[in-house]
């Protein structure tokens, strides 16, 4: 955490951008080369292994979010929210999606109530609603991946399509932005992002999504390209949202778990919201029983 008070963070004028030098790039590359194959292997195996990985990621995200907005970890705040997230994960696995959403909502309300019970122990600039929002954000971490992957025929392809689109968006945005430069996309939120990088990320994400679809034997790749475009836009919006939250609370990174990237939130910010968007598209077409097929088969 950068030693700023929250009013300074609100202004967003003193935050230091992440060091994007060659050393940090090397760390990012090594981390990606290690984590990406592991993540895809877990997705390929599926089943409880993938579910457990999603649950651990959701718990880690809640931990990072709470530390970010509360400025410390308090078991009285984290544990009830964590319990709600894990119960909701189990309910999702057994096809009780409505109940899972309800449990997440209860966890958020409970977190708000617990923080309100000890108002003097938390900084006034950390409203209780921010902590409650962390329970919802952590719940989003598994809804999309778990429900998409459980489709035995299209689940892995859906996760591969989603990951390929989001990761390639991130990679192309990074390198095109560094190579081309130009006007900043939203300097008050993320001073390193450029319009050129955003457009390059969109192009890369669409190409990757179409490539996965074509290699998987899917038809109507033009429609798949449009979906990849939407998911790329949503992923970049998710990245900007996390940047806004970090800037609001005076943080450069959400954590330090992943060398070169920061924390789980820093690495998964775009993926989380893109997975939720993909899930919504799939559910609107084929319901909760086959969202992966609804996303990909047109």
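The values are calculated or read from the model by the stated rules, or taken from the named source; none is laboratory data. Since this is a predicted model, take the numbers as computed values, not measurements. As a convention, Cβ positions derive from the backbone with ideal geometry for all residues, glycine included, and neighbour counts pool all protein chains shown.
Structural remarks
- Residue in segment 142-182 that is surrounded by the fewest Cβ atoms within 10 Å (Cβ to Cβ), counting only those that are within 30 Å of residue 100 (Cα to Cα) and over 20 Å from the mean Cα position of the chain (by Cα): 152
- Matching helices (runs of 4 or more DSSP H) fully within segment 74-186 where at least 1 residues are closer than 19 Å to residue 61 by Cα and in contact (Cβ under 8 Å) with a residue 60 or more places away in the chain: 128-149, 155-180
- Test: residue in segment 183-191 that is surrounded by fewer than 19 Cβ atoms within 10 Å (Cβ to Cβ), at pLDDT 90 or above and within 30 Å of residue 288 (Cβ to Cβ): no
- Members of segment 1-26 that are at pLDDT 50 or above and surrounded by 14 or more Cβ atoms within 10 Å (Cβ to Cβ): 24, 25
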